[in-house]
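As structure tokens, the structure follows; a few thoughts come after it.
Nothing in this text is a laboratory measurement; each read-out follows from the coordinates by a stated rule. These numbers were taken from a predicted model, which means no experiment stands behind them. In this analysis, Cβ positions are derived from the backbone assuming ideal geometry, glycine residues included, and neighbour counts consider all displayed protein chains.
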């Protein structure tokens, strides 16, 4: 039987059960939130052009979508009311995926600037649904608020957060 080097055991085998789920959730929130924020800011800067390229939406509706993208992305980045911020974001991505096939007659530069390549809304949608199910993690304002709220109750509920 071959003996496994000690460095290999330390690197891979001993820490098999240890995960970095909270750090992973933070990274996913920051990365996705910044991508979503960048999209919203880019659309805000060119709202008039974007309104003309979007199929069947008024300028007010497009402004509402841009505000949703910006506000929700900031909440996602901070981990503040994360699950509530994800619901409108999921709605926007579902809408973006449904209008994507009808956006083929948009001018080339405008299409590249404002519309996703096929599959991007689905990618965002998948990440948002994962974050909705998994939650923001311990490295978030939601967690700090929950800790503060539970400590004020002075119950044994703090054990619930320790196990989370």
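Spacing of the modelled spin labels on residue 57 and residue 132, each 7 Å from Cα toward Cβ, amounts to 1.8 nm. Projected label points at residue 150 and residue 95, each 7 Å from Cα along the beta carbon direction, are separated by 3.6 nanometres. Counted by neighbouring Cβ atoms within 10 Å, the residues 60, 82 run from fewest to most as 60, 82. Of the residues 123, 45, 62, the one with the fewest other Cβ atoms within 10 Å heads the list, and the complete ranking is 45, 123, 62. A Förster radius of 35 Å combined with the Cβ-Cβ distance from residue 23 to residue 45 puts the calculated FRET efficiency at roughly 0.60. Modelled label positions at residue 71 and residue 30, each set 7 Å beyond Cα in the direction of Cβ, lie 2.6 nm from each other.
Which of 26, 81, 86, 133 comes first, and how do the rest follow, when ranked by fewest Cβ neighbours within 10 Å?
Working: 26 18, 81 15, 86 22, 133 9.
Lowest count first: 133, 81, 26, 86.
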